1. Given 0.36 nm per residue, what is the gain on full extension from A259 to K103 after removing their alpha carbon distance, in nm?
2. What is the Cα coordinate range of the range 157-380 on the first, second and third principal axes, sorted by size from largest, in whole angstrom?
3. Could you name the lysines in cross-link range of K263, using Cα to Cα under 30 Å and dropping any fewer than eight places away on the same chain?
4. Round to the nearest 0.05 the FRET efficiency obtained for D319 and D347 when R0 = 22 Å and r is the Cβ-Cβ distance.
5. Mean separation of Cα pairs under 8 Å and 6+ residues apart, divided by the residue count of the range 4-147: what relative contact order is that in percent?
6. Can you tell me what share of the DSSP beta bridges in the chain is antiparallel? A percent to the nearest 5 is fine.
7. Can you figure out the FRET efficiency of S232 with D371, using R₀ = 22 Å and their beta-carbon distance, to the nearest 0.05?
8. Place the peptides 276-285, 123-132 in order of packing, highest mean first, counting for every residue the other Cβ atoms within 10 Å and averaging per peptide.
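The numbers here are math on the coordinates, done by the rules we state, and not lab data. Model, not experiment: these values are computed from the prediction. All Cβ positions, even for glycine, are placed from backbone atoms using ideal geometry, and neighbour counts span all protein chains on display.
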Amino acid sequence: MNSAVLAFEDGTVYRGKPFGAKKTVLGEAVFNTSMMGYQELLTDPSNYMNILVMTFVEIGCYGINDEDSESGGIKASGLVVARDCEIPSNWRSRMGIGEYLEKNGVPGISGIDTRTITRKIRLNGSLKACLSTEDISDEEAVNLARRWSGIEGSNFLKDATCESAYHFDDSEKNIKPFELGGVHINTRKRTFPLFKCAAIDYGVKKSLLRSLAYSGFDVTVFPARVSAEEISDFAPQCVFLSSGAGDPAAAPKEAEVAAKLMKKYPVFGVGFGHQIIARALGAKTYKLKFGHHGGNYPVRNIETGKVSITSQNHSFASDAESLENAGAIVTEVNLGDGTVEGLRHRDLPTFSIQYHPGAAPGTPGSDYPFDAFYDLVGKNS
C-alpha cells in the first residue's frame with residue numbers, strides 16, 4: 001500500500017502521500033499557523049509527542065540548514081502538510097524536508113486538506129492521532145490512536161531535558177545578532193556585566209539560551225530533575241525556568257523545587273516554566289481545548305496597555321483566579337481567549353510569560369522580558 005494514513009480517535013481517517021521515515025507514530029494532533037520556521041517547530045522540545053498539522057499551503061520551500069534547529073534533533077512525532085516541497089531553493093539549504101524527516105526517523109504525510117483538519121480540531125478540540133507511512137489498515141490506525149494515553153497527565157521531562165548540567169557556549173557565534181550578507185538586523189551590543197544564571201531545562205529552545213546570554217547572563221543549564229540544593233550549591237544570582245513539554249500538573253517535584261528557589265533568587269519562567277511557577281505558587285493549570293500553536297497571537301500587558309504579537313506553543317494554561325489567590329498578579333492576557341499570558345508575584349522577585357519571546361532566526365533578544373529580568377536581577381543582587 002503506497003499511501004500514508006492519518007487517523008484520529010473519533011474514527012476520522014485521511015490518506016495521503018508518505019514522505020520522511022517509514023514509521024508508525026502516535027501523538028496529539030495540533031495545528032500550527034506559522035508560515036515559516038518549520039525547522040524550528042520540528043526541533044522545539046515543546047512539540048514532543050505532537051503531530052504537527054501545518055496550515056500553510058506548502059512546507060519545505062527553503063529546505064533545512066545547519067543553524068536553525070532549536071535542539072539536537074526533531075522532537076515532534078510527525079508532520080502533516082498539504083504539500084511538501086521536494087526541491088527547496090535557498091542558499092542556506094543543506095537538504096530537503098523529506099530527507100531531514102527520514103534522517104531523524106520521523107514520518108510525514110502530504111496531499112491532504114490540512115485546513116479541514118484545523119477546522120475539525122478547532123470545533124472538537126485536540127485529538128489523539130496515529131500517523132503511519134507503513135502498510136496498516138484504517139481500522140488499525142484508529143485503534144492505535146484510541147489506545148494511546150495522551151498528553152494530559154503525562155510527564156515528558158525525562159525525554160525533553162538534558163542528561164547532565166552544562167555551561168552554555170556563549171561565544172560570539174551563539175549570541176551575535178542574526179545577519180544576512182553583512183547587514184545586522186539587531187546592532188545592539190551584548191549586555192554587561194554578566195549575571196550568573198542557572199537555567200532549568202524542561203525542554204529548552206536554543207534561541208532562549210542565546211537570548212539569555214545576549215541579554216547579560218552567564219548561563220549554566222541544569223536537567224529538569226535538579227534539586228534546589230544543587231542549584232544553591234552552584235550559587236547563581238538568578239534562575240531561569242525554560243519552556244518544555246507535557247502536563248505541568250504531572251510535574252509536582254519540579255514545582256516543589258521552583259517554590260524553594262523563588263524564595264532565594266530572582267526567577268523568570270517561559271512557557272512550561274511559567275506553568276511550573278503557577279503550580280509552585282499553589283495555583284491551578286488546565287488543558288486548553290486546542291492549545292496555542294503558531295504566530296500572531298495578540299497579547300496585552302495589563303499594566304502598560306501595550307499589545308504585542310507573539311509566538312506560542314502550548315496546550316496548557318494557568319488559571320487566573322487561583323493565581324491571584326496564591327499571591328500572583330496577572331500582568332498579560334491573550335486578546336483572543338482571555339487566557340493568562342504573564343504574571344508576577346506580589347512580594348517575591350518572580351515573573352513569567354506564557355508565550356515564547358525572541359523567535360529565531362532573527363533578533364536574539366526581545367526588549368521586554370529579558371531586559372526586565374536583567375533589571376530585576378540587578379536590583380536584587
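1. Numbers: separation 156, 0.36 × 156 = 56.16 nm, distance 4.05 nm.
Taking 0.36 nm per residue and subtracting the Cα distance, the gain is 52.1 nm.
2. 48, 41, 35
3. Cα-Cα hits under 30 Å: K158, K196, K205, K206, K253, K284, K287, K306, K379.
4. Values: r = 20 Å, r/R0 = 0.92.
About 0.65, to the nearest 0.05.
5. Numbers: 374 pairs, mean separation 54.5, N = 144.
Across the range 4-147, relative contact order equals 38 percent.
6. Working: 45 of 76 bridges.
Given both bridge residues lie in the chain, the antiparallel proportion sits at roughly 60 percent.
7. On the way: r = 26 Å, r/R0 = 1.20.
Calculated transfer efficiency: 0.25.
8. On the way: 276-285: 23.0, 123-132: 21.2.
Going by the mean number of other Cβ atoms within 10 Å, highest first, we get 276-285, 123-132.
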